[in-house]
Each structure stands twice: as C-alpha cells, then as structure tokens.
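The next block holds one structure in the form of structure tokens; read it before the comments.
The values are calculated or read from the model by the stated rules, or taken from the named source; none is laboratory data. It should be emphasised that the depicted structure is a prediction, and the values quoted were computed from it without experimental measurement. Neighbour counts run over all protein chains shown; Cβ positions are idealised from the backbone, glycine included. Accessible surface is based on the protein model in full, side chains and every heavy atom, while ligands, DNA and RNA are left aside. Shrake-Rupley method; radii C 1.70, N 1.55, O 1.52, S 1.80 Å.
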Amino acid sequence: MAASNFKAKKRLEYKKPDFTATDIDLQFQLADDATVVRATAHYVRLSADPKAPLRLDGEELKLNDVLLNGQSCKYNVTDTELIVSEVPDDFELTTEVVISPARNTSLMGLYKSCGCFCTQCEPEGFRRITYFLDRPDVLAKYRVTIVGPDYGCGVLLSNGNLVESGIKDGLLYSVWEDPFPKPSYLFALVAGAFDIIEDTFVTKSGREVKLALYVDRGAYTRGTWAMQSIKESMAWDERRFNLEYDLDNFNVVAVDFFNFGAMENKGLNIFNSSCVLVDPQTATDTNYYTVQGVIGHEYFHNWTGDRVTLRDWFQLSLKESLTVFRDQEFSSDVNSRVLTRLDAINVIRSRQFAEDAGPMAHPVRPEQVMEMNNFYTVTIYDKGAEVIRMIHTIVGEEKFQKGIADYLARYDGQAATIEDFILTMETASLTDLAQFRRWYSQAGTPEVYAKWAWKSIDDNGNGKAQPALAANIDEKAIAAALNNEVVSDTQESANEECGCDENCKLVLTLTQNTPPTPNQSTKDPFVIPVRTSFLTKDGQSVVPPELPENGVLMFTKEEQSFEFTNLPKDTIPVVLRDFSAPVKLSAMYQTQDYINMLEHCDDPFIRVDSYMSLINAFVHQNIDKVKNGDLPEPTDIIKAISYVINDASIDMQLKAKLIVVPSLISLMETFKKIDLDGLDQTRKELSSLIARALASEYKDLEHKTRSSGKYKYDAQSAAQRALHNAAQYMVALGYLADDNGIKADDLISNAYENANNMTDRLAALSAACELELPCKSKLLDSFEQSYSHDPLTFDKFFSVQAAVSSEETIKVVRKLMDHKCFDITNPNRVRALIGTVGYNNPVALHRRDGMGYLLMLDVVRKLNDINPSVAARILDGLINYRRFDINRINKAEEYLNKMKAIPNLSRSVFEKISSALDSDTKQ
Ligand code: B3K
Ligand code: ZN
C-alpha cells in the first residue's frame with residue numbers, strides 16, 4: 001500500500017463485529033516454504049443485518065480453498081480480507097491457505113527461528129496464519145493439530161492441554177485443546193528440537209501443574225533460573241493476589257529471533273532467549289533480575305490479559321499496565337523494593353517523559369493509532385503502571401485487592417475496557433474516580449510547582465501576616481525552578497523569620513500545568529496524589545496533625561493550598577515521596593534543603609531526586625562556564641556524596657546511584673531546550689572533579705565492597721556488586737583526572753581479568769571503553785575470543801561499544817555492522833548495536849554533522865523490508881530531535897525526509913516519521 005493511503009483508526013469508531021466465532025479447528029502441515037493451514041471455524045451472526053457478509057482478516061496468504069458448511073461458496077479476496085457473502089446466521093467455514101514461515105522475516109505470524117517454527121500473533125499476526133476475525137473481542141475455543149516435517153521437530157506445542165500425539169504416515173503429530181475461549185492474538189504454536197527442563201507446581205488447591213521450559217539444545221543449565229522464577233511467580237500470585245493457575249500444563253519456550261521480550265500466549269508463553277537464558281559466566285545481575293521480572297510478567301498475564309482480555313487495541317494498557325504493576329510488586333516482594341522502585345521511576349523520568357515531550361506523545365488510552373505495533377510504549381506500559389499505582393495509593397491495598405478480585409470475577413472470559421476496570425475499582429473501593437479518569441484520556445507530563453509560607457494561625461487565607469514574603473519567593477522560585485536552578489541561600493526563603501508569633505502554620509501551595517501534546521492543546525487538572533512528609537532543618541521527621549494517615553494529599557485543582565500546624569519553624573515539606581505521581585516537580589527548595597533531604601529523608605526516591613536536583617542546579621549554572629574551562633569546584637555536591645559514602649545505613653542499591661553522576665539521558669529530561677554539547681561536557685567534567693576530590697573515599701569504598709568467593713545471584717550480593725562497580729568507575733576516573741592513566745588502566749584491566757562473573761567483567765569492559773583506557777582493545781579482544789560463539793552473550797560486545805558517549809561511536813558502530821556476528825535480521829543484534837545508539841546514546845545519535853542520522857537512514861532502508869516493527873522502534877530517539885539546536889533540527893529533518901521517501905515504506909516507520917515531521921502543525 002502506498003504510504004499516503006495509510007489511515008489512522010480512531011478509538012471512538014469502535015464497532016461490534018458482525019459475526020463472532022465460537023470454535024476453531026486448525027490443522028497445520030508444517031514445511032519451511034509451504035506450510036498448509038486448514039481452518040474450520042464456527043461463525044454466528046451478531047449483526048441485525050441479515051445481509052452483512054462475513055469479512056475475515058488475512059494478509060500474505062495464498063488461498064487454496066473456501067467451503068461453507070462443506071460446500072463451495074461465493075467469496076472475494078483482497079490484500080487484507082476474505083469476504084464471504086450470502087452466509088446464514090450460523091455456519092461452519094473452512095479455508096485452506098499456504099504460508100511460508102522460512103521467508104517470514106517480519107517475525108509476525110508463523111516464522112522460523114534458528115530451525116524452530118514459532119508464532120507471534122499479538123497484535124495482528126494471526127491474520128498472517130489464516131483468515132479469521134483477528135480482533136481481541138472475538139473469543140473462540142481452539143483445537144489445534146500440528147503435523148511436523150521429518151526433520152528436527154520432535155516437540156510440537158500449542159495452547160492448552162495435549163490430547164493426543166504420535167506418529168502417522170511417518171510424521172510426528174500432536175493435538176492440543178484449549179478449554180478457555182481466547183482471542184486470536186493469544187494463539188501460539190511451536191515446533192522444533194529443544195532441551196527440556198521439567199518440573200511441577202502444586203497449586204494452593206492441590207492441583208499438580210506440569211511445567212516445561214524449552215530452550216536451545218545445549219542450553220539446559222542456562223534455563224534453571226527461569227524455571228525457578230516460574231515457580232516463584234506462581235506462588236507469589238497465589239499469595240499476594242489469590243490467583244491460581246488454571247491449566248494442567250504451563251509451557252515456556254525460548255527462541256532466538258523475537259521482536260521484543262516475550263509473549264503471554266495462553267499456557268504457552270514464548271520468550272526471547274535474552275529474557276530466559278542466564279548463568280554467572282554469561283549473564284549480569286541485571287539479566288537475572290530481568291529474567292525473573294519478565295517470567296513473572298508473562299505468567300501474571302494469565303489472569304490480567306488472558307482470562308480477562310481486551311475489547312479493542314485502544315485498551316492495551318488495561319492488560320499491560322496492570323501486569324507491569326503486578327510484576328513490579330513481585331520484584332519488590334521477592335527481590336529489592338528499593339531497586340525495583342528506583343528503576344521504574346528512572347524509566348518514567350527518562351524515557352516516558354521524553355515520549356511525552358515528543359511527536360508520538362499519546363494518552364495511556366490512545367485516541368488514534370495507525371500501526372498498533374508502534375503503541376507498545378513506555379506510556380502504555382510504564383506510565384500506565386504508575387496510574388495503577390496511584391489508584392493503589394488512593395484506595396489502599398485492601399480495597400485495591402477487592403477491586404481486582406471483583407474485576408476478574410465480573411469479566412472472566414470476556415473482553416473488557418479500561419472504563420470497565422475503573423468502574424469496578426470505583427464500586428469496590430467506594431471512591432469517586434471521575435476526575436482521575438483524565439490520566440487515561442490526557443497525554444503529557446503535568447508540571448507541579450510547590451511553594452510554602454508560614455502564616456499566623458489565625459490568618460484564614462487573607463494573607464494577613466506574610467503575604468509579601470510568599471509572593472516574593474513565588475516569582476523568583478518559579479522562574480528558578482523552571483530553569484533548573486536551586487533558590488540560592490542568600491535569597492529570602494519561607495523558613496526565614498516570618499514575623500508572626502510562635503503560633504504559626506505552614507501553608508503548602510501546589511500548582512499544576514500540563515503542556516500541550518499532539519492533538520491536545522489544553523488540559524484539565526489531574527488528580528495528583530502527593531505523598532508528603534515533613535523534615536526539620538536538622539533532619540528530624542515531624543508529623544503535623546493535619547497530615548492524613550497515609551501521608552497523601554489529594555491535589556485536584558490548578559492551584560490548591562494545604563495548611564499544617566504544630567511544626568517547628570525550620571521545617572520543610574517533603575513532597576512527592578516515592579514518586580507518588582508521574583509528574584515533573586519543582587519546588588522552592590534551597591541547596592541546604594536538598595542536602596538535608598539527601599542525607600536524612602527515609603524515602604529512597606526523595607534522596608535520589610534531591611541528589612539530581614543538586615547536580616541539575618550545578619549543570620545549569622555552569623553550562624556556559626565549562627566552554628571556557630572554568631568549572632568551579634562542586635563543593636556542596638562533594639560534601640553530600642562524602643556523607644552518602646560514609647553513611648553505612650543507606651541501602652547499597654541506593655548508594656550506588658548516589659555516588660555517580662546521573663546519566664545524560666536523565667539529566668536531559670530536566671531541560672526544555674537541550675544544549676547537548678554543553679550538557680555532555682559539563683556532566684563529564686563534573687564527574688572528574690568529584691572523582692578527584694573524593695578519590696580516597698572512593699578507593700576505600702571500592703576496597704570494602706569487593707566480593708570474595710563464588711558468584712551468587714541474590715538481592716544482597718547484586719547490590720554489593722552494583723556499589724563496588726560504581727565506586728570502581730569513580731576510582732578509575734579519579735586516577736585519570738590526576739593524570740595517572742596507568743593506574744586507571746591497571747585497576748580496570750585487573751578487574752576484568754579477575755572477574756569470576758559477567759557483572760564484574762562487563763562493568764570493567766564498559767569502563768575501559770567509556771574512559772578510552774589503553775587496555776580497551778586488549779579487553780575487547782579477550783571478550784571477543786571468549787564469547788563470539790555465543791550470540792546472546794556477544795550482544796554485550798556490541799552494546800558496550802555502541803553506548804560510549806562520543807561522536808566517534810558512529811564510526812565504531814558502522815564497522816561493527818560488518819562483524820561476522822552481526823545479523824540485521826535478528827532483532828537482538830539490531831537492538832544491541834543500533835538500538836543502543838538509537839535510544840541510549842544521544843551524543844552519538846545527534847552528532848553535529850548528521851552522521852548519526854545517516855546511520856539510522858541506512859539501517860532503516862534495509863530493515864523497512866525485513867522487519868518494520870524493529871525498524872520503527874529504533875527511531876524513538878531520532879524523532880525527538882526538536883529539543884536540540886537549530887543545526888541538529890535541520891539535519892534531522894533532512895534525513896527524516898529521505899527516510900520518508902524510501903520505496904514501500906512500512907506503515908510503522910511512516911507513522912513515526914510523519915508524526916515527527918508534522919509535529920509543529922499537530923500541537
Ligand atoms: N504482550 C506482549 C507484547 C506484544 C508486543 C507486540 N508488538 C508482551 C507483554 O507485554 O507481555
Ligand atoms: Zn505484557
């Protein structure tokens with residue numbers, strides 16, 4: 001289809017289907033280039049119009065036969081549909097089509113991955129397997145017969161329970177029946193040769209479930225952690241949500257070619273092998289953590305997604321946000337709550353805020369979609385999960401659990417909407433969520449400003465005692481906060497003597513504003529739960545009587561004030577604890593307040609945020625000075641980090657984040673207009689100044705956190721390694737800042753050689769690359785020799801080099817694209833090499849001469865035909881170019897226009913590019 005003919009679908013245009021299917025019998029004769037799929041489905045008319053034809057979705061299918069109740073019938077075929085007219089109200093339709101799994105490089109539908117047949121149907125891949133009503137509100141019972149070819153297909157799997165298997169006419173076959181009606185996007189088939197890890201799980205009602213994990217031949221030992229994670233997920237869902245597994249079998253398969261992390265097909269989850277296979281020599285602690293989380297996520301979908309599914313794709317967040325919330329709670333309960341929460345917040349504040357500020361900004365429930373694959377976004381998943389978390393905060397765990405139980409009972413076996421979910425939550429918790437619904441309909445990141453003033457207790461709002469002071473601070477503070485400055489200590493502050501007597505109250509005033517996003521120029525106020533506490537100047541926590549028991553202030557208007565009494569005069573409010581809402585907060589804090597919160601607040605997020613605010617303020621104030629080489633000593637920051645290093649009570653995962661300068665990506669999100677060169681340079685020089693000033697403290701920390709003995713993955717040891725590697729990086733940087741390159745090189749080179757696990761090895765390799773140490777090429781050679789036989793592990797070789805924050809990286813990446821291990825048809829390779837530049841390396845991607853954009857153009861030219869979803873995904877960083885300088889804007893547009901002219905441009909790439917190029921006119 002010509003790109004100009006691509007049309008967006010609109011949420012409000014939803015129409016019930018004219019027909020539904022109740023049962024479908026699928027017969028597969030598998031073959032690489034000519035798999036025959038015979039489908040017999042029972043259709044029932046829903047439409048009042050007796051003449052409405054049956055319109056089945058189908059793409060890239062070679063049609064052999066169509067029979068209506070066993071007889072030939074009248075039909076038409078287009079590129080996207082099979083239309084059967086003059087059909088009765090209740091009938092069986094049989095179709096036979098031929099497809100080519102071996103030639104399917106889009107990895108949607110049925111395809112081959114390293115010799116194994118597998119499927120991916122969400123969102124609209126089933127229509128590439130057979131003609132059907134490929135929409136989530138058509139739920140049918142599936143019976144599937146698979147006949148395998150006479151090579152390498154010893155395992156033949158589909159959803160549900162195995163009812164028969166054997167050998168017929170010399171070929172293997174199996175028959176599967178899924179007793180639960182499901183939409184077509186949850187259909188799955190796998191056929192191949194695997195190592196099988198088997199186990200059992202006894203549910204709380206005493207049923208035994210057979211578990212099987214299918215991995216590449218030879219990868220058995222790398223699957224044991226995933227199997228342990230499956231059992232842990234099943235037990236946790238029973239404990240925390242009272243949800244039990246419902247089939248006799250639970251099968252999980254790992255494949256090497258997969259467009260994303262994993263897929264929750266009913267009873268047969270299919271995973272990217274990167275989210276399953278781990279062992280100490282090839283996987284990092286982060287890989288272990290991810291595997292556990294993704295295994296949990298897909299398993300939890302069994303209830304939130306499979307048993308209760310979606311009415312239409314605009315409701316995607318209904319299953320994804322709830323399931324992300326559930327997997328985050330799982331990781332928090334069985335691993336580390338601090339790490340899980342800080343990671344989730346980081347995703348929002350770096351990637352999701354960027355999405356909100358870019359041309360593809362959309363609400364958690366989008367209004368219009370051109371290509372559904374483009375909407376598996378951090379907004380739908382992660383912001384959606386924050387929205388669920390806010391509901392949890394507002395109603396509390398007990399009522400939340402009641403709401404979930406009611407929702408699952410009420411909509412079991414049905415296709416629901418976000419509105420159904422909110423309504424059930426409202427009823428179960430007796431809470432009015434009318435205004436709260438705006439989180440689903442309005443896009444963008446609310447900007448919240450917090451100010452406070454002391455007033456006489458008998459001042460009832462007429463501003464009798466200190467209005468001038470409050471107003472004064474207001475203007476300065478708002479202007480400063482918007483520029484990422486901290487109000488300087490010499491300025492007036494609310495904590496200074498207000499002139500009223502001892503009998504004072506603190507008046508906290510919050511304002512909110514949400515900037516325009518594409519197609520939404522104005523926004524109404526959101527309901528923002530603001531978790532709040534109070535801290536005195538010397539770091540004591542104080543609780544005023546007016547603070548609700550859960551500490552949450554419900555902020556619902558454009559401007560709203562809250563009053564608190566019984567507080568010492570030097571108290572400051574600590575707002576947005578635990579990042580209780582996905583908003584950008586600025587406040588009239590002074591440097592001393594940030595230091596106080598960083599050192600004494602018991603909330604990990606507030607500590608990280610205070611730290612970041614100190615850094616932001618420094619960066620902002622000095623971004624111009626850095627160009628002349630006069631960056632001042634960051635005295636306050638150095639003192640604060642020193643305090644953190646020496647406070648033994650701070651959680652190690654938290655400490656690891658508080659002793660290094662935050663990533664460029666997260667700093668970028670605090671600026672409206674980004675001076676990329678200045679920011680990068682200031683960040684790097686600031687890091688060096690800190691590393692030099694605290695050299696001996698970092699060395700001490702690096703030493704104290706060394707681990708001895710055998711590698712073990714658990715929350716505690718992983719935290720220790722994270723802290724150790726952060727300290728080690730700063731020690732190396734300190735040596736370099738002191739012109740002692742040899743010591744830096746020795747430290748990192750030895751760390752690499754002595755590492756007994758991948759976490760430490762990769763940390764050393766990454767430091768060598770990022771710091772351009774002389775040992776870099778020796779370590780890269782060694783890594784290459786050790787792992788080039790293992791593509792999954794070798795992706796680290798690609799990503800570690802692609803992540804180096806330097807314009808030179810583009811050349812390195814181009815060279816690596818010719819490496820014998822790089823394969824553009826494998827999404828993991830593309831993500832590791834090109835994706836790392838595309839969404840993690842702004843300095844390389846947005847190179848001043850446009851060579852980063854040219855790289856993307858060249859890659860998209862190839863990938864557009866091979867795998868459009870992956871091609872579109874790597875563009876997320878590029879399409880956000882408007883926040884940079886005019887030179888970069890012009891260059892980005894030049895290359896995006898060239899990209900737009902690619903022949904046969906796919907719908908997914910077209911949607912991203914055109915939204916970027918049109919974004920001026922859309923706001
Ligand atoms: N539901 C799948 C994602 C499908 C993505 C299609 N482009 C995995 C998940 O979120 O659990
Ligand atoms: Zn999911």
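Does T130 meet the test of being at pLDDT 95 or above, outside any strand (DSSP E or B) and open to solvent by 20 Å² or more (accessible area, probe 1.4 Å)? It is false that T130 is at pLDDT 95 or above, outside any strand (DSSP E or B) and open to solvent by 20 Å² or more (accessible area, probe 1.4 Å). Among the conditions (1) open to solvent by 60 Å² or more (accessible area, probe 1.4 Å); (2) assigned to a strand (DSSP E or B), the only one that S205 does not satisfy is (2).
T377: within 25 Å of E558 (Cβ to Cβ) and open to solvent by 10 Å² or more (accessible area, probe 1.4 Å), yes or no?
On the way: within 25 Å of E558 (Cβ to Cβ): no; open to solvent by 10 Å² or more (accessible area, probe 1.4 Å): yes.
Spelling it out, it is not the case that T377 is within 25 Å of E558 (Cβ to Cβ) and open to solvent by 10 Å² or more (accessible area, probe 1.4 Å).
Only residues that are more than 13 Å from ligand 1 (Cβ to nearest atom) and either in the same structural domain as F794 (by TED's automatic domain parsing) or of a type in the set (F, W, Y) (or both) were counted across the range 284-302, and they come to 2. Picking from residues in the range 801-818 that are within 26 Å of P280 (Cα to Cα) and in a loop (DSSP other than H, G, I, E, B), the one that is most open to solvent (accessible area, probe 1.4 Å) is A803.
Looking at the range 404-412, is at least one residue modelled with pLDDT of 95 or more and either touching a Pro at 6+ places or on another chain (Cβ under 8 Å) or within 16 Å of ligand 1 (Cβ to nearest atom) (or both)? First the steps, then the outcome.
Kept after step one, since they are modelled with pLDDT of 95 or more, are these residues of the range 404-412: 404-412.
Next, only the ones that are either touching a Pro at 6+ places or on another chain (Cβ under 8 Å) or within 16 Å of ligand 1 (Cβ to nearest atom) (or both) stay: none.
No, the range 404-412 contains no residue that is modelled with pLDDT of 95 or more and either touching a Pro at 6+ places or on another chain (Cβ under 8 Å) or within 16 Å of ligand 1 (Cβ to nearest atom) (or both).
Comparison of D593, D602, D609, D578 shows that the only residue that is charged (D, E, K, R) and part of a loop (DSSP other than H, G, I, E, B) is D602. Any chance the range 816-836 includes a residue that's of a type in the set (D, E), assigned by TED's automatic domain parsing to the domain that holds L792, farther than 30 Å from T670 by Cβ and free of Cβ contacts under 8 Å to residues at least 60 places away in the same chain? Yes, the range 816-836 contains a residue that is of a type in the set (D, E), assigned by TED's automatic domain parsing to the domain that holds L792, farther than 30 Å from T670 by Cβ and free of Cβ contacts under 8 Å to residues at least 60 places away in the same chain. For the range 76-108, the set of residues classified as in contact with a Pro (Cβ under 8 Å, 6 or more places away or on another chain) and open to solvent by less than 40 Å² (accessible area, probe 1.4 Å) consists of I83, V84, V87, S106, L107, listed by residue number. The residues on offer are E86, E59, E96, and the sole one that is part of a strand (DSSP E or B) and over 24 Å from V252 (Cα atoms) is E96.
Filter the range 122-141 down to the residues that are of a type in the set (D, E) and more than 16 Å from ligand 2 (Cβ to nearest atom), then identify the one that is farthest from F180 (Cα to Cα). Ranking the qualifying residues of the range 122-141, first place goes to E124. Of the numbered criteria (1) of a type in the set (D, E, K, R); (2) modelled with pLDDT under 95; (3) open to solvent by 30 Å² or more (accessible area, probe 1.4 Å), the one R437 fails is (2).
Taking into account only those residues within the range 234-275 that are among the polar types (S, T, N, Q) and more than 13 Å from ligand 1 (Cβ to nearest atom), which is surrounded by the fewest Cβ atoms within 10 Å (Cβ to Cβ)? Across the range 234-275, the extreme among qualifying residues is N242.
Looking only at the range 268-324, which residues are within 11 Å of ligand 2 (Cβ to nearest atom), within 30 Å of D195 (Cβ to Cβ) and among the hydroxyl-bearing types (S, T, Y)? Once the filter is applied, which keeps residues that are within 11 Å of ligand 2 (Cβ to nearest atom), within 30 Å of D195 (Cβ to Cβ) and among the hydroxyl-bearing types (S, T, Y), the range 268-324 yields Y299, T323. Return a yes/no flag: does the range 280-296 have any residue that is charged (D, E, K, R) and either open to solvent by less than 10 Å² (accessible area, probe 1.4 Å) or within 14 Å of the chain's Cα centre (by Cα) (or both). Looking through the range 280-296, none of the residues is charged (D, E, K, R) and either open to solvent by less than 10 Å² (accessible area, probe 1.4 Å) or within 14 Å of the chain's Cα centre (by Cα) (or both). Counting only helices (runs of 4 or more DSSP H) that sit wholly inside the range 255-371, those with at least 1 residues that are touching a His at 6+ places or on another chain (Cβ under 8 Å), free of Cβ contacts under 8 Å to residues at least 60 places away in the same chain and charged (D, E, K, R) are 316-334.
The rows are residues; the columns are (1) open to solvent by 10 Å² or more (accessible area, probe 1.4 Å); (2) farther than 18 Å from K912 by Cα; (3) without any contact (Cβ under 8 Å) to a residue 12 or more places away in the chain.
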| residue | (1), (2), (3) |
| --- | --- |
| R848 | yes, yes, no |
| N864 | no, no, no |
| A871 | no, no, no |
| L875 | no, no, no |
| N887 | yes, yes, no |
| E893 | yes, no, no |
